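The values are calculated or read from the model by the stated rules, or taken from the named source; none is laboratory data. This is a predicted model, so every value here is computed, not measured. Neighbour counts are summed over all protein chains in view; Cβ atoms, including those assigned to glycine, are modelled from backbone coordinates with ideal geometry. Remember, those area values only see protein heavy atoms, side chains included, never the ligands or the DNA or RNA. Shrake-Rupley method; radii C 1.70, N 1.55, O 1.52, S 1.80 Å.
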Amino acid sequence: MEELLMGGEAARYAGLSRQRLYQLASRGEVGRKVSGHWVFTRAELEAYKAAPKHKGGRPKDEAGTLTSTASPAQPRVAYD
């Protein structure tokens, strides 16, 4: 039988804050509700920790330099 962890214990095990863990749970990434309480298995938390993560922020090129996501400046048009 798989071991179930709740709240703070699951967050500590995953290396996350409780708030972040519950955000992930509400998005369906980890956990499930049992009798109105979120529960997490060690196996799913291990899988989450092992999965590659996307860090937010602006994209970088291969050299690690920030790249622009903005479109090039449009020429200004004068209206008479």
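Could you please find all residues in region 30-61 being farther than 22 Å from Gly15 by Cβ, modelled with pLDDT of 90 or more and either surrounded by 10 or more Cβ atoms within 10 Å (Cβ to Cβ) or among the charged types (D, E, K, R) (or both)?
Scanning region 30-61 gives Lys33, Val34.
Looking only at region 22-34, count how many residues are over 12 Å from Lys49 (Cβ atoms) and among the hydrophobic types (A, V, I, L, M, F, W, C).
2
Could you tell me which numbered condition Gly64 fails, if it satisfies all but one of (1) at pLDDT 65 or above; (2) at positive phi; (3) open to solvent by less than 70 Å² (accessible area, probe 1.4 Å); (4) not aromatic (Phe, Trp, Tyr)?
(1)
What are the residues in region 1-29 that are open to solvent by less than 80 Å² (accessible area, probe 1.4 Å), within 15 Å of Glu46 (Cα to Cα) and either touching a residue at least 60 places away in the same chain (Cβ under 8 Å) or part of a helix (DSSP H, G or I) (or both), if any?
Those that are open to solvent by less than 80 Å² (accessible area, probe 1.4 Å), within 15 Å of Glu46 (Cα to Cα) and either touching a residue at least 60 places away in the same chain (Cβ under 8 Å) or part of a helix (DSSP H, G or I) (or both): Ala10, Ala11, Tyr13, Ala14, Leu21, Leu24, Ala25.
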